[in-house]
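Let me begin by presenting the structure, written as structure tokens, before commenting on it.
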Amino acid sequence: MLMKFRKSHPIWFSVVAAILFMVFGMLLGYLVVTVIPALKNDGNEFALTFAVELLTALLMVLLLRLHHRTELVTRRGSSFKNCFFVCLVPLLFNIVSFVAQIAQAVQDHTPLNPASTILFYVLAMVAVGIAEEFMARAVISETLLEHFGTDSLGSVWKAAVVSGLIFGLLHLTNLMSVNSVKGVLIQALSAFAGGLMYAAVYYRTGNIWAPALLHALNDVAAGMSAGVFTYESGMMSSVEGLEGAGWLILLVPLRELLIAAFLLRKQKLPQLQQCWTGLVESKEVSEKE
């Protein structure tokens with residue numbers, strides 16, 4: 001029944017899947033703190049996030065297994081080398097950002113947060129990247145690409161844009177918990193651009209680990225500006241931090257849109273088609289077996 005809904009109403013299926021993913025995350029968070037009350041204490045928020053997102057990622061793998069789609073987790077797509085070079089440009093932005101932040105902290109003699117806090121934050125962001133990309137890319141972006149097809153560049157862009165829109169609109173739910181309309185809107189716009197970029201990476205490589213790694217690194221970099229690594233800025237949420245940001249912050253989603261445009265340019269359409277044609281044929285064979 002679920003697969004019939006996916007084929008007959010792929011866009012609505014993607015929206016429902018995104019909402020259920022968010023609701024399940026909330027319920028799982030409540031369950032985890034009920035079982036391990038200590039995670040509700042201040043200073044353990046990243047340990048809690050890590051536990052919830054890790055369990056969510058494991059559940060996603062289980063669901064893929066139940067629907068005979070575990071090849072999404074193991075397939076190499078257009079090879080690791082191509083995957084690496086496709087991700088190289090956006091990864092460089094994160095590496096430069098990381099080096100600049102740490103260099104500034106050292107120069108200003110700013111004390112770092114405890115190693116355990118930083119470690120759990122990094123682990124949490126890795127888990128977030130994996131869990132969200134398993135849903136947003138392996139389920140939503142792939143469903144939309146199968147729906148719109150790869151016959152033309154326009155079809156691929158439709159799939160990527162709708163995928164990004166769903167990812168971005170989902171972040172508007174933060175309006176219910178954060179008193180920062182500007183911050184939530186900027187975050188939603190950034191999530192749209194980021195979702196579009198991650199979809200472009202996935203479409204170019206056919207490898208789910210490529211956008212998962214990129215997503216994790218982007219989240220780690222975002223945490224630096226929110227005071228995750230140093231005492232000086234405090235542990236404010238990334239959304240609240242955006243409230244006081246200048247409009248130059250919009251250069252970040254613009255950067256990601258430009259990266260997506262570079263990845264999904266006309267010259268690369270044959271490579272993308274070859275990648276996904278091979279994957280579709282492989283999936284059809286496995287389903288027949």
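For this structure, a couple of remarks:
- A191 falls short on exactly one of the conditions (1) closer than 25 Å to F262 by Cβ; (2) more than 14 Å from the chain's Cα centre (by Cα); (3) not aromatic (F, W, Y), and that condition is (2).
- Identity of the residue in the stretch 1-58, without any contact (Cβ under 8 Å) to a residue 60 or more places away in the chain and hydroxyl-bearing (S, T, Y), that ends up nearest to L145 (Cα to Cα): S8
- Counting only helices (runs of 4 or more DSSP H) that sit completely within the stretch 66-143, those holding 3 or more residues that are open to solvent by less than 70 Å² (accessible area, probe 1.4 Å) and within 26 Å of P253 (Cβ to Cβ) correspond to 80-107, 115-135.
- Search result, residues across the stretch 13-65 that are charged (D, E, K, R) and surrounded by 18 or more Cβ atoms within 10 Å (Cβ to Cβ): E53
- Output for the stretch 151-190, where each listed residue is open to solvent by 30 Å² or more (accessible area, probe 1.4 Å) and under 23 Å from L272 (Cα atoms): D151, S152, L153, G154, W157, K158, V161, V162, L165
The values are calculated or read from the model by the stated rules, or taken from the named source; none is laboratory data. Just so it is clear, the model here is predicted, and its values are computed rather than measured. Positions of Cβ are backbone-derived with ideal geometry, glycine not excepted, and every protein chain shown enters the neighbour counts. What goes into the accessible areas is simple: the full protein's heavy atoms, side chains included, and nothing from ligands, DNA or RNA. Shrake-Rupley method; radii C 1.70, N 1.55, O 1.52, S 1.80 Å.
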